[in-house]
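Every number here is computed from the coordinates shown, using simple stated rules; none is lab data. Every value quoted in this text rests on a predicted model; they were computed, and no experiment measured them. When we count neighbours, we look across all protein chains shown, and the Cβ atoms used for this are built from the backbone with ideal geometry, even at glycine.
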Amino acid sequence: MKVIIFLILANTMAFAQIEADNGQVVWRTVKEYEGNSESLLKRLKFSGKFSNLELLEDTIIGKFTNAPINFQGFASMYLMASNMMGSFIIQFKEGRYRITVKNLQLKSQTSVGVFDEGSIEAIEKYALNANGEFRKRFKSRDLPILEDNLSKLFEFSQKDDW
């Protein structure tokens, strides 16, 4: 029974995750989508959350800025005082798409302690140690918050039933 639960959890985690890739924090996820790349591009534009959007064949490239970080409970100060910025690529296959987010940065929204309002820092400063691996505290506390926020940022529900 424990093996079955582990396999289910491991399979679920493989579809949305943040990883350290050559000293850079990268988030990837795969989502189902019944439309095509043009219809998703329209949704991205309509949302107002993304900029510099380009469609190249079945790939969308773009950026996001000032995406708020929502959290409940405890979070590190740099997350509580910042918004996210980054670039992304969306690749399509039949019935689904894969999002890859790179160049994640945090833009300070307030002057608190060592942070200056408007300062921009790469997430790697807080997430990775000198060996390019996740810091334990980041992995246990902040990583789930970032994964949740990125997942919600790129959620495009197709169901309008109410």
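Worth a mention:
- Spatially, the range 128-147 and the range 47-74 are offset by 22 Å when compared through their Cα centroids.
- T59/K139 FRET efficiency (R0 45 Å; Cβ-Cβ; nearest 0.05): 0.90
- Relative contact order [Cα under 8 Å, 6+ residues apart], the range 25-153, whole percent: 24
- Near I69, the amide H atoms lying under 5 Å from its own belong to M84; only residues 5 or more places off or on other chains count, and H is placed 1.01 Å from N.
- In the range 84-137, the trypsin sites (Lys or Arg not before Pro) that fall in loop regions by DSSP, at most 15 other Cβ within 10 Å: R135
- Positive minus negative residues near S87 (Lys, Arg vs Asp, Glu; Cβ under 12 Å): +1
- Order of S39, S82 under a 10 Å beta carbon neighbour criterion, fewest first: S39, S82
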